[in-house]
4 protein chains.
Amino acid sequence: MSGSIYGRYFSVTTWGESHGPAVGVVVDGCPAGLPLTEADIQVLMDRRKPGQGKYTTARKEEDEIQILSGVFENVTTGAPISMMVKNKDHRSSDYSTIRDIYRPGHADYTFDAKYGIRDYRGGGRSSARETIGRVAAGAIAEKILERIGISFDTRVISVGGIDAGEEEKVKEFLDRKMKEMDSAGGIVECVIHGVPAGLGDPVFEKMDASLAKAIMSIGAVKGVEIGDGFAVAGTTGSQNNDPFRLDKEGKIVKKSNHAGGTLGGISDGSDIILRAAFKPTPSIAREQETVNRSGEEVTVSIHGRHDPIVVRRAQVVVEAMAAITIVDLLMANMHATMSGIEHFYGNTENDNAGK
Amino acid sequence: MSGSIYGRYFSVTTWGESHGPAVGVVVDGCPAGLPLTEADIQVLMDRRKPGQGKYTTARKEEDEIQILSGVFENVTTGAPISMMVKNKDHRSSDYSTIRDIYRPGHADYTFDAKYGIRDYRGGGRSSARETIGRVAAGAIAEKILERIGISFDTRVISVGGIDAGEEEKVKEFLDRKMKEMDSAGGIVECVIHGVPAGLGDPVFEKMDASLAKAIMSIGAVKGVEIGDGFAVAGTTGSQNNDPFRLDKEGKIVKKSNHAGGTLGGISDGSDIILRAAFKPTPSIAREQETVNRSGEEVTVSIHGRHDPIVVRRAQVVVEAMAAITIVDLLMANMHATMSGIEHFYGNTENDNAGK
Amino acid sequence: MSGSIYGRYFSVTTWGESHGPAVGVVVDGCPAGLPLTEADIQVLMDRRKPGQGKYTTARKEEDEIQILSGVFENVTTGAPISMMVKNKDHRSSDYSTIRDIYRPGHADYTFDAKYGIRDYRGGGRSSARETIGRVAAGAIAEKILERIGISFDTRVISVGGIDAGEEEKVKEFLDRKMKEMDSAGGIVECVIHGVPAGLGDPVFEKMDASLAKAIMSIGAVKGVEIGDGFAVAGTTGSQNNDPFRLDKEGKIVKKSNHAGGTLGGISDGSDIILRAAFKPTPSIAREQETVNRSGEEVTVSIHGRHDPIVVRRAQVVVEAMAAITIVDLLMANMHATMSGIEHFYGNTENDNAGK
Amino acid sequence: MSGSIYGRYFSVTTWGESHGPAVGVVVDGCPAGLPLTEADIQVLMDRRKPGQGKYTTARKEEDEIQILSGVFENVTTGAPISMMVKNKDHRSSDYSTIRDIYRPGHADYTFDAKYGIRDYRGGGRSSARETIGRVAAGAIAEKILERIGISFDTRVISVGGIDAGEEEKVKEFLDRKMKEMDSAGGIVECVIHGVPAGLGDPVFEKMDASLAKAIMSIGAVKGVEIGDGFAVAGTTGSQNNDPFRLDKEGKIVKKSNHAGGTLGGISDGSDIILRAAFKPTPSIAREQETVNRSGEEVTVSIHGRHDPIVVRRAQVVVEAMAAITIVDLLMANMHATMSGIEHFYGNTENDNAGK
């Protein structure tokens, strides 16, 4: 595997640059028999669209998804699902000044260091448009999960250090940052309901570890935590351990959920809780010091259509990556026991033998 | 791949339970020609040994590593390196009371939920002894990295919320927690020096994402951050962007390192900085509420040889996982450019053609 | 990984059905800096085109390849290369009669058994059009290999058991089969020149094993052999062993090449020789007994545009799969030795230390 | 993944050299709940033991398997199963003469070309002892398969070109070859009964392709075929297509099985039939021309304990690799349909919705 493929079972391959003809994704491993239309995908796609408010970029992206394979008569066939969105709004001239300049906080320098070549017209593979493929794949993952009762609650919980609930304060803060030609970071929280106990493996493929990779692979994320996260470092065992108890039906549940839904890397039946810290948009109009490709120190001001915060549009990307990961773990778990395998292949005779 | 194999190129497979005959690891993909002895491995192994201080478990683990394959006349041959440590100090009776009880904060319940069977004598695959294999593999990774100038600085930076530098306060705090039959969390920081620019891929295999998975796969880790981590959520673009400048030799460097050494998922030549939050040891002697396998609410007190904090012994596991990850990315990067491939295979004629 | 992704380093994901809007491929892991245009791909594409002679299907497929990503100013950037061919010539009505009938020798029955659903308009993923993606990816692989002096000689060596050199006999035989509304099998041989010694790994990733999978994954292939292949079963060690000798420049070479260029799974510097046996086209106009989806015994005659032999068009698919495999092994081999790694990362100091 | 790991779900990692302290294997991904003892493994191990007849090597290998992890109270726990066999019978002096000589038909030269270093005491990773790990893993795979009614018939069908049924002729032939200090090749056939329809994926992970890789990865195999194999190249569609019919219970079956149990890469419910061609043992006492490490032309006679034919001992290795592959495909198939996933996770409500 190289770097644009994610998922061992439900494999997602994204492709495309912001200023090429299109961006897209191939989902290999989607089960057959899932009802699926372009409209199903579009719902999630629309949640990542820019141009939805004052603090998100004014760039018009229609982002109409097209399904090219793997679906027949509105049902998945088990074949790879190829999806594509055409790039419509090319204004390459916006980017011509940064052709030879390494923008601070961007991947221009590291792309040149690694590949010796760079599509300077946009962010190349680091463009936010790469996430279109993730979101389209995530929409399919959510449809799968919905059918076994798994759902998502994703929201921005802080902007520039301010509790997102304090809407007026956030508004004032962002207005000030825009005037200052600056940008701000934020935190996104994703809560996953209905995950059955047993998903994730105890060593390297822990649910926590898989989610951490999924979320940290989103551009601008610099920290990931599960459950109480970094706060656990300042607490004690007696506070942090979640006592087990029985609910009214006699089912084993936990009294609290500091763990965020996983124990030993395996889901425990509680909500899965994860948070991601996003850095401020690196593209700011304020003048910055930097260096160009010729090795000269220069200054740069980045004008154009950029979000002062990325967290609003990034929420759906967090949710999409979480959904893809949960589907992958869901599939992985299906062959964890001999009785599961025997049951699947119809051996009722031995069904309890291995228990 | 299933859950006990880590790394695409430098593949590490750990095996073994705390109360079986042995624990071990197979490293597949170690390059040929690396000088390697058991003593080289033992150096890192000794850093994870318990019984090294007042606050680490008194359990005597000799943990003498044995190399079983892949090394001939003290040099690696390119064949898989199998390493093993015998389990010597079995006192299974210590664990007999917890055979049917789901310990809070442990994976007992989730193992039963997933597999329907559990080696109740210890933590099974969730035992800290599983990390022996990681550390042994990490020792080989560090030897590889040393030869191209990459080194590690790993330390505990906080214990129970107290700055680890304030040694007296930490001491008092831990003494109190031990008296209270409780435990504490902490934070480990790992700084990696000398990583060349260009490692990591721009999408799913970002260096940050790979490190996040590696570190979050360590038991008890609940949060991972790179560079300024969660603090970026409260900062602005003008503060967080690291300006590029030229050093005395004219090399491109950064004025600051908020990014923690990666831009767009690719190393930028600065130090890689990562931090991991560890939860308090879940095994505490204090009475806790829980449930047993028969579905009854019970209380449990966990006696035995347990560390009140895991961060001291966990440092070397963080370092080992980071080292394994960097080696993997180092290898992945070798075929990133056509000129690199041509140079390797001796085509000097075309050497600059693809640039 | 699921079933539509091939290659660990140079990863090829094909997608698309014969009667959907398009078929395509994403190549992830192509090195940056390779000059590449659509015309480069088209050369190989044209070799798999039908309608090139009397014995290949008359269906008109223009198969114009479009590069959608990963190439900037005619040079690869290291980003995934997405390529697509639109499906133009839909005559679904041709296939309507076979909607409910399981054609002998086809995958209709097994698709239904596995997925419970099937795109009955064509062969779905078993359509020969799936190979378009393989050939497009193979064209890139061949461009990479060309630059380090690796080239291919691929040809049909027998048709229906007749030596392909006896052109008149083959012609008569095929005319007779067409009259008889029947089809014929054949053998394709691929010789790979210029492969350096050292590619392939000694255990599961032997060059022979990797090539066997690559070639056997082509529809209609029922046998694969390397070097003398099945003939070795009837020979002796003294006949089959290839003696080593020195050539005029003192380089170690082999006197013969019964081994087909690999020893212990690793290339030995001689030509790699492989052969694939193709079954006769299963679509024949002659009446055949079979069963329908309702579980009734019926007869079927398959009319339409089908090749009486597949070997002519299949040659380029064999070559493409071989090329993709060799590129993968070429990349895998780059981190096999410590001195190779040190040299790549510029450690001249230790350069011979590990030898 | 590097070269000593096989299987995506049921992952087998072998390690060890013939003259090191031990050889072994780690099986990751074995389902929990399978009754398993060392005696179960030993049954298959004993079938590969040398010293069982006149034509197999007299070397005494006790090969007592030891299970080190993953099994608790004689039942698998879902944790990786580590197994080891100690190497007991070291007579390194036997091999000292070949330290600097490249034996024809062996991997000595290619190991040096690839790694620059070689464990010259035996075949290193190319030693037949590497197959111990494969057979031990195969024994577990067969236990899994047995429980859903899958079984194996493996036999030698020809020796040196003579039908293995003609025992007297084979005996005379082998006696003559031993006198002539020569060796012979042969063919092994493996028939797999009870494989349900639906295993294997339609593109790169075809059942045929996966089996081809598995079998071709066994040292000395130079050809693999499925069903009628190379014979299909000389036949016609009307002969080769297997007509479908209904059996007495109304189940869809095939009238013949030229296909060897797969259509479009997916099992069709018939017996899976595969054959492997083994080359003659390259170690022969007869004098052979070759070259040494110093680049001089020399002659070599290889004395020692070598089988004149490998097919007898290799049968069980073929069976083991086939069993591992079938388990892998069995697991892969469990998440192929939405209704399968929903049924597994207890969604009876939607159970037929996706059909």
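Among the residues here, D:Ile284 does not qualify as of a type in the set (A, V, I, L, M, F, W, C), touching a Leu at 6+ places or on another chain (Cβ under 8 Å) and facing chain C (nearest Cβ under 8 Å).
Checking each residue in region C:195-218 for being facing another protein chain (nearest Cβ under 7 Å) and closer than 22 Å to C:Ile157 by Cα picks out C:Asp208, C:Ala212, C:Lys213, C:Met216, C:Ser217.
Based on this model, can you work out whether A:Ala141 counts as surrounded by 24 or more Cβ atoms within 10 Å (Cβ to Cβ), farther than 30 Å from B:Tyr109 by Cβ and either away from chain B (no Cβ under 12 Å) or touching a Leu at 6+ places or on another chain (Cβ under 7 Å) (or both)? Criteria not met by A:Ala141. Where strands (runs of 3 or more DSSP E) sit wholly within region B:195-257, those with at least 2 residues that are farther than 24 Å from A:Val291 by Cα and touching a residue at least 12 places away in the same chain (Cβ under 8 Å) occupy B:221-226. Residues in region C:100-136 that are β-branched (Val, Ile, Thr) and open to solvent by less than 10 Å² (accessible area, probe 1.4 Å): 3 in all. Filtering A:Thr57, A:Thr76, A:Thr37 for residues that are in contact with a His (Cβ under 8 Å, 6 or more places away or on another chain), away from chain B (no Cβ under 13 Å) and either modelled with pLDDT of 95 or more or farther than 30 Å from A:Ser294 by Cα (or both) leaves a single hit, A:Thr57. D:His19 passes every criterion in (1) in a loop (DSSP other than H, G, I, E, B); (2) out of contact with any Lys or Arg (no Cβ under 6 Å at 6 or more places or on another chain) apart from (2). Taken residue by residue, region C:5-13 has at least one member that is modelled with pLDDT of 95 or more and open to solvent by 20 Å² or more (accessible area, probe 1.4 Å). Whenever a residue of region D:143-159 is in contact (Cβ under 8 Å) with a residue 40 or more places away in the chain, its partners that are surrounded by fewer than 22 Cβ atoms within 10 Å (Cβ to Cβ) and aromatic (Phe, Trp, Tyr), lying with C-beta atoms within less than 7 angstrom and at least six residues away or across chains, give the pairs D:Ile148/A:Tyr345; D:Val159/D:Phe173.
Among the residues of region B:17-31, those identified as of a type outside the set (D, E, K, R), at the interface with chain D (Cβ under 7 Å from one of its Cβ atoms) and under 18 Å from D:Thr14 (Cβ atoms) are B:Ala22, B:Gly24, B:Val26, B:Gly29. Taking (1) at negative phi; (2) modelled with pLDDT of 95 or more in turn, B:Ala285 satisfies each apart from (2).
When region B:148-178 is filtered for residues that are of a type in the set (A, V, I, L, M), more than 12 Å from B:Ile309 (Cα to Cα) and assigned to a strand (DSSP E or B), the ones remaining, listed by number, are B:Ile157, B:Ile162. Among the residues of region C:250-266, those identified as small (Gly, Ala, Ser) and surrounded by fewer than 23 Cβ atoms within 10 Å (Cβ to Cβ) are C:Gly250, C:Ser256. Among the residues making up region C:144-172, those that are β-branched (Val, Ile, Thr) and within 20 Å of the chain's Cα centre (by Cα) are C:Ile144, C:Ile150, C:Thr154, C:Val156, C:Ile157, C:Val159.
Considering region B:219-249, the residues that are closer than 17 Å to A:Gly260 by Cα and either open to solvent by 10 Å² or more (accessible area, probe 1.4 Å) or modelled with pLDDT under 95 (or both) include one that is nearest to the chain's Cα centre (by Cα), namely B:Gly219.
The condition of being open to solvent by 30 Å² or more (accessible area, probe 1.4 Å) and either within 8 Å of chain C (Cβ to nearest Cβ) or within 30 Å of C:Thr236 (Cβ to Cβ) (or both) holds for D:Gly269.
Checking the stated criteria, D:Val327 turns out not to satisfy the condition of being among the aliphatic types (A, V, I, L, M) and over 30 Å from C:Asp108 (Cα atoms). For region C:179-194, which positions are more than 7 Å from chain D (Cβ to nearest Cβ), farther than 19 Å from C:Ala259 by Cβ and either open to solvent by less than 10 Å² (accessible area, probe 1.4 Å) or assigned to a loop (DSSP other than H, G, I, E, B) (or both)? Selection gives C:Glu180, C:Met181, C:Val188. Based on what the data block shows, is B:Val318 within 9 Å of the chain's Cα centre (by Cα), closer than 20 Å to B:Val170 by Cβ and either polar (S, T, N, Q) or open to solvent by less than 10 Å² (accessible area, probe 1.4 Å) (or both)? Yes; evaluated as a whole, the condition is true for this residue.
Looking at this structure, is B:Leu199 among the hydrophobic types (A, V, I, L, M, F, W, C), surrounded by fewer than 17 Cβ atoms within 10 Å (Cβ to Cβ) and within 30 Å of A:Glu17 (Cβ to Cβ)? Taking the combined requirement at face value, the residue does not satisfy it.
Quick one: would you say A:Asn292 is open to solvent by 30 Å² or more (accessible area, probe 1.4 Å), polar (S, T, N, Q), out of contact with any His (no Cβ under 8 Å at 6 or more places or on another chain) and modelled with pLDDT under 95? Answer is no for this residue.
Scan region D:154-175 and give yes if some residue there is out of contact with any Asp or Glu (no Cβ under 8 Å at 6 or more places or on another chain), farther than 20 Å from D:Gln315 by Cβ and within 11 Å of chain C (Cβ to nearest Cβ), otherwise no. No; the residues of region D:154-175 include none that is out of contact with any Asp or Glu (no Cβ under 8 Å at 6 or more places or on another chain), farther than 20 Å from D:Gln315 by Cβ and within 11 Å of chain C (Cβ to nearest Cβ). Within region B:94-138, the set of residues being among the basic types (Lys, Arg), assigned to a loop (DSSP other than H, G, I, E, B), within 14 Å of chain A (Cβ to nearest Cβ) and without any contact (Cβ under 8 Å) to a residue 60 or more places away in the chain comprises B:Arg118 only. Out of all the residues in region D:9-40, which are closer than 14 Å to C:Val203 by Cβ and not polar (S, T, N, Q)? Passing the criteria: D:Val12, D:Trp15, D:Gly16, D:Glu17, D:Val23, D:Gly24, D:Val25, D:Val26.
Is it the case, given these coordinates, that A:Val85 is under 24 Å from A:Ser126 (Cβ atoms), buried (at least 24 other Cβ atoms within 10 Å of the Cβ), more than 13 Å from chain D (Cβ to nearest Cβ) and modelled with pLDDT of 95 or more? In short, no.
The values are calculated or read from the model by the stated rules, or taken from the named source; none is laboratory data. Owing to the predicted nature of the structure, the values given are computational and were not obtained by experimental measurement. Every residue, glycine as well, gets a Cβ built from its backbone with ideal geometry; the counts of neighbours run over all protein chains shown. Note: areas computed on protein heavy atoms with side chains; ligands, DNA, RNA excluded. Shrake-Rupley method; radii C 1.70, N 1.55, O 1.52, S 1.80 Å.
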